[in-house]
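Report on one structure; see the data block that follows.
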Amino acid sequence: MLFDLVCSHMNLIEGDYFGLEFQNHQKMIVWLDHIKPIIKQLRRPKHTILRFAVKFFPPDHAQLLEELTRYLFALQIKQDISCGRLTCNDSSAALMVSHIIQSEIGDFEESYCRSHLLNNTYIPDQMPLIDKIMEFHSKNIGQTPAESDYQLLEVARRLEMYGIRLHPAKDREGTRLSLAVAHTGVLVFQGHTRINAFNWSKVRKLSFKRKRFLIKLRPDLNSSYQDTLEFLMASRDCCKVFWKICVEYHAFFRLFEEPKPKPKPVLFTRGSSFRFSGRTQKQVIDYVRESEFKKIPFERKHSRVQHNSRVQHNSRLSPLPSPRHHEVPTEHGAPRVDSPHRRHWTESALVSAEDPSASRTPRFSPVHQRNGHDDRDRRGSASRTEERRGSTRQTQPDQLSTAGVVANSPRLSASSGHSHGMVNGQKSLELCSHSPDGRQPSPLTSPLLNDAGSVRTDDEDEVRRKRFPTDRAYFIAKELLTTERTYVKDLEVVTVSFQSAVGQDEATPDSLKNTVLSTFEPLHKFHTGFLREVEQRLALWEGRSNAHIKGDYQRIGDVMLKNLQGLKPLSANLHKQSEILLELEKACRASRKLESLCRDFELQKVCYVPLNVFILRPLHRLIHYKQILERLCKHYPATHVDFRDCRAALADVSEVVEQLQGSLIKMENFQKLLELKKDLIGVDNLVVPGREFIRLGCLSKLSGKGLQQRMFFLFSDVILYTSRGMTATNQFKVHGQLPLHGMTIRESEDEWGVPHAFTLVSERQSVVVAASSLKEMEKWMEDIKAAIETAKTSNGPSSDVLTSSLTDGNKCPEDSSVDAESEDDVTATHASPDKPAPHRGNTMVHVCWHRNTSVSMVDFSIAVENQLSGNLLRKFKNSNGWQKLWVVFTNFSLFFYKSHQDDYPLASLPLLGYSVTIPAESENIHKDYVFKLHFKSHVYYFRSESEYTFERWMEVIRSATIPSGGARFLNNKESHPH
């Protein structure tokens, strides 16, 4: 209870890495046991100081998912180097101090930096290193405190003494040694030098008998060690303290879930009943990721006041604040503010439509439960708090954008800046409506509720159903109308928004401006007229005039035939899409300003999918026309008045689609390579002729540090593996490449004892990876095997795609088995002095990373053909009302709008990992045409207006929620079912 209160006080989700330590009556530092009552552990509780500290040090700080957690780790590192516990060479020490002072005082200013170092001691014997610290500090210009923390941990984790707590011991010969435990196993030190390590996989049993600490190893014919190693410690209690921390480290890093307690013996006990309590590292990561909580994020300013050269430097500055010295939203919404200029909370991070709460409350202690406030009280106060703080909200460009959900309320909400209006990682949605008293409404209240027409009653439903046609052909025609509305809006993104944001700048070449204008302006003009005709026809069909009595207008084929014939002269423009993609890419490579303009445009709300996707929309729209006409022809009998026109229109559009099919396949691949290039760091030449994208997704890579989550990218000639960066750009850092030529692949679950594991053996290295499920493993193995076979016969591109700094041995330093600590190695971790540019954070790569899944090029091709728009009624699991929304399905996501006239979506919901089903009787959804979306514990209900629209929504959503298996290469394209 005490530990939970501490974590709740700091709003800390990943508290499982930490613990409370104290000095017991024997003067030993021990951890507070979460299972035993405090009174049984502390002899004199009133006189004992409990210290909050890092207990478990993971091998890679990228496994820490929250900035607050990394900040607390940085404080621990600062304390460890200050007291001399984290020993290292002078270069490493100076480099770490440079990152610490960058986070405290900001950018380098020589006289102030020197004065600051003279007045503050960060490491023992600091004076001789001041010049070196200042030299390193001068290279950190532009780093935010969060980036400085990241770089500090990047240096620290490579040190041999990182996270090490030494326990004195002797071997059988009486030699003085020290024992320690890490995520890898038990370590033996002589002084501060590691002389031996016993990996968990080699250890059969750990035990102690009086003063003797025993390590029983698994039999190994190649080892010179005896089966049991014995170390002598100062006392039995010393043995037990070390044994307990070993048990906890093993359970935390090696087990999938918390071990169950052993049954109590009836007569007597033998040995200790101690066991690890709490979540394992895997459970912590899954908890944060699967629930996609990522609370109100922790973002901070530089800790100390930034002085300029005119300020006197002889004044002593206040010390670095404790983790409490920032604004912390309490359970009931009222912020506690300790230090106004130090740290503050802002709203961003991975927020989801799955998050059922408007303010994140990681743990509820019994105190909060006794207060009697229900969830709505908390959310209401959080809403009021956010209203007061709305002007200071900032967001990070790295998160999935999804619709926030408030349980028991039929509304869109936002538990962060991302949850309402955060589509491309841009800043929060500015609401256009105002409250009656003139104040800006709370950003937690969606504008969808400000309109009385946003919630439709069942009576209105019944009236509508009786009034409008029920013919299937009408609903097929209505799909044409709704998707055409979205398509015209998408054309406006290029013709209006892109032209105004990028086209007017002198950095944009005239040839590119002219190509875009000559291609998209005529298309936009034509489809605006086409949309008007379709709207008029549907109005007649619905009976808004007397024309429907004659039956002359209950058809759509004549309108489509006329307009598709009118579109034929413009089909030459459709061949220019590849020219636009190529010219835009060349222009961005030639001009950094244009590249920056395009990147900024992609961060705008109106650009809700990548820019290149909009450029290919005209080609994909022809496929949608073909699908609609095929459904009409299948529905109509040959004698129907509309059948002949539909069949003629289908023949016309099929001819154009067939002509463009070859170039479309190549352009989709080219567009995907361009998109992936933006997500990857460390790649020189990803976009080259002949390279084909096949699959991307999450796999766990087995190394000496255990299973590490990695993002894998499979191309026709090479596999890249990466990890997600924790810097401002949140791109994926490439760790290595595996050429497909000469590669073999085999299942290796039995070999390594890891579920769904398989081994990739290339000419220069082997990599063992594990998929999240059997189905995922089968999809990866099938695609990789097919790619290997194709690589044997193809004369594809060179597989060397990495920058020169990563090509040595195909490995990133992180994957090396030796942790170097030379000056060259530690200085290489510097960030570039240039400020990292903002980056789209809701691409499919990020979605796959957070949902721990994968998608293939086949899936992307199917996705562009399965697009849909229309009105749906939405209901949350615990709410009563149904909310009317305009919903667009594209790019594996649902995008939510108030109406089809809106320029940008209010929120989005990526569907990878979700399931779509029909509600069960027990769910009490007594309505027709309802489908259910659910992921883990997150549930949404959607109602459509007819059987046809219900079937279509189910069909397109299944295309996103059930990704396909099987590789499909550009030189061997197969048709796939729709």
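The values are calculated or read from the model by the stated rules, or taken from the named source; none is laboratory data. Being a predicted model, the structure only gives us computed values, none of them experimental. In this analysis, Cβ positions are derived from the backbone assuming ideal geometry, glycine residues included, and neighbour counts consider all displayed protein chains. Accessible surface areas use protein heavy atoms only, side chains included; no ligands, DNA or RNA. Shrake-Rupley method; radii C 1.70, N 1.55, O 1.52, S 1.80 Å.
A few remarks follow.
- With 22 Å as the limit, the listed pairs LYS605/LYS932; LYS701/LYS779; LYS605/LYS936; LYS672/LYS792 have LYS605/LYS932; LYS605/LYS936; LYS672/LYS792 beyond it between alpha carbons.
- Each peptide in 63-71, 531-539 receives the mean, over its residues, of other Cβ atoms within 10 Å, and ordering these scores from highest gives 63-71, 531-539.
- Length gained on full extension, ARG644 to ASN89: 191.5 nm, using 0.36 nm per residue less the C-alpha separation.
- For VAL683, distant residues with modelled amide H under 5 Å away: THR803
- Each of ASP286, ASP227 has its accessible area taken with a 1.4 Å probe; listed largest first, they run ASP227, ASP286.
- nm² value of the averaged projected area, convex hull over the Cα atoms of region 96-218: 10.3
- Amide H partners (placed H, <5 Å) of ILE719, local residues excluded: LEU738, LEU740
- Rg/Rh ratio calculated on Cα atoms of region 99-168 (Kirkwood radius): 1.02
- Taking a quarter of the surface of the Cα convex hull of region 1-64 gives a mean projected area of 5.1 nm².
- Taking only the C-alpha atoms of region 148-252, the Rg (one decimal) and the largest Cα-Cα distance, Dmax (whole number), read 14.4, 47 Å.
- Note on region 709-787: Cα-only Rg and Dmax are 13.0, 40 Å.
- Applying 1/(1 + (r/R0)^6) with R0 = 51 Å to the Cβ-Cβ distance of GLU135 and ARG958 gives a FRET efficiency near 0.30.
- Remark on region 557-664: Rg and Dmax equal 18.1, 61 Å (Cα only).
- Protection proxy ranking of 634-640, 28-34, 18-24, by the mean of other Cβ atoms within 10 Å over each peptide's residues and highest first, is 18-24, 28-34, 634-640.
- When peptides 616-626, 699-709 are ranked by their average number of other Cβ atoms within 10 Å per residue, the highest-first order is 616-626, 699-709.
- In whole angstrom, region 867-968 maps to an equivalent ellipsoid with semi-axes of 20, 18, 13, each derived as √(5λ) from the alpha carbon gyration tensor and ordered largest first.
- Dimensionless Rg ratio for region 1-125, taking C-alpha atoms and the 2.2 N^0.38 Å reference: 1.27
- Net charge of Cβ neighbours under 13 Å - reference GLN76; Lys, Arg +1; Asp, Glu -1: +4
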